[in-house]
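Q: The structure's right below; bear with me while I get my questions together.
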Amino acid sequence: MRHLYEDAFTFDATGPRRHEDWRADVLAVMERAVPDPRGWVVLDGAANERVAEHPAYPFRPAHKADPQRRLTPADVGDRLYEIDRASAENLLLALTDSRCTLRNLERFTESFDELQAMARTVLARYGDTFTCYTNVTVGGPRNGVLDFDSSHWGYSPMTFYWEDAGLVIVSDTEVGLFWTFEC
């Protein structure tokens, strides 16, 4: 994780899955209210900017909502779309830098296949059965597939930053968040 995200302004963390509604567990990770169940590394570029009024900072309610209101599980779920495993692998790589594109990978010395193997290693942490969600609409999510060859991409903003892109992984026992921010 450190290698993939060393040049990114990112939030990457995992927490336990304790609720039937996984969105509540995602919110607990956003608020840094739970530790990583396995003690793995947490990358938190915005840790110093948090305040008591916004424990989930930089994550926030939707633009139309009162920005001072605390996040709810519904806020989390309303801006995420389910994607397939192959899209999640590519998205983990696209999140290594701002702009959410696989062109980010040109800065790595590893081959694309080697980088994909790293992404698969990250995903393997969550077992064989997990679901993936994102706020990114690369090429528009069609049947849960993101098109990284598309020149069009968008997102449902989840943070106070200018742009953000992320991936949520939900297993029976854990939830993982991988988010990159553009200030």
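Q: Of E82, E174, which has the most accessible area with a 1.4 Å probe, and how do the rest follow in descending order?
A: Working: E82 105, E174 5 Å².
Per-residue accessible area, sorted high to low, gives E82, E174.
Q: With a 1.4 Å probe and every protein chain left in place, work out the accessible area per residue of the chain in Å², rounded to a whole number. Don't jump to the answer; show the numbers that get you there.
A: Details: 8780 Å² over 183 residues.
Spelled out: the 1.4 Å probe surface of the chain, per residue, equals 48 Å².
Q: Quick check: pseudo-label points 7 Å beyond the Cα along Cα→Cβ at H19 and R85, how many nm apart are they?
A: Going by the 7 Å Cα→Cβ label model, 2.8 nm.
Q: For segment 39-163, what class follows from the C-alpha gyration tensor (a ≥ b ≥ c being the square roots of its eigenvalues): rounded when a/c is under 1.5, otherwise prolate if a/b is larger than b/c, else oblate? Each step should come with its number before you reach the end.
A: On the way: a/c = 1.70, a/b = 1.47, b/c = 1.16.
Verdict is prolate for segment 39-163.
Q: Could you tell me whether segment 1-99 comes out rounded, prolate or oblate from its Cα gyration tensor? Rule is a ≥ b ≥ c as square roots of the eigenvalues, rounded for a/c under 1.5, then prolate if a/b exceeds b/c, otherwise oblate. Mind dumping the intermediate values first?
A: Details: a/c = 1.36, a/b = 1.27, b/c = 1.07.
It is rounded, given that a/c, with a ≥ b ≥ c, falls under 1.5.
Q: Still on this model: So how tilted is helix 112-124 from the main axis of the chain? Cα-based, degrees 0 to 90, rounded to 10.
A: Rounded to the nearest ten degrees, it is 40.
Q: Counting alpha carbon pairs within less than 8 Å and at least 6 residues apart, what relative contact order, in whole percent, applies to the chain?
A: 29 percent
Q: Here's something else I'd like to know. Based on the mean of other beta carbon atoms within 10 Å per residue, what is the order of 104-116, 17-29, most packed first? Present the calculation step by step, with values, prior to reporting the outcome.
A: Working: 104-116: 12.7, 17-29: 18.7.
Order by mean packing, descending: 17-29, 104-116.
Q: At 1.4 Å probe size, with the rest of the protein present, what percent of the exposed accessible area of the chain is carbon and sulfur atoms?
A: Working: 4250 of 8780 Å².
Result for the chain: 48 percent of the exposed heavy-atom area is carbon or sulfur.
Q: Take the alpha carbon gyration tensor of segment 91-137, find the square roots of its eigenvalues, order them as a ≥ b ≥ c, and report rounded if a/c is under 1.5; if not, report prolate when a/b exceeds b/c, else oblate. The partial results should precede the final answer.
A: Details: a/c = 3.24, a/b = 1.27, b/c = 2.55.
In terms of gyration-tensor shape, oblate.
The values are calculated or read from the model by the stated rules, or taken from the named source; none is laboratory data. Since the structure is predicted, the reported quantities are computational estimates derived from the model, not experimental observations. Because the Cβ atoms are built from the backbone with ideal geometry, glycine has one as well, and the counts that use them run over all protein chains shown. Calculation scope for accessible area: heavy atoms of the full protein, side chains included, ligands and nucleic acids excluded. Shrake-Rupley method; radii C 1.70, N 1.55, O 1.52, S 1.80 Å.
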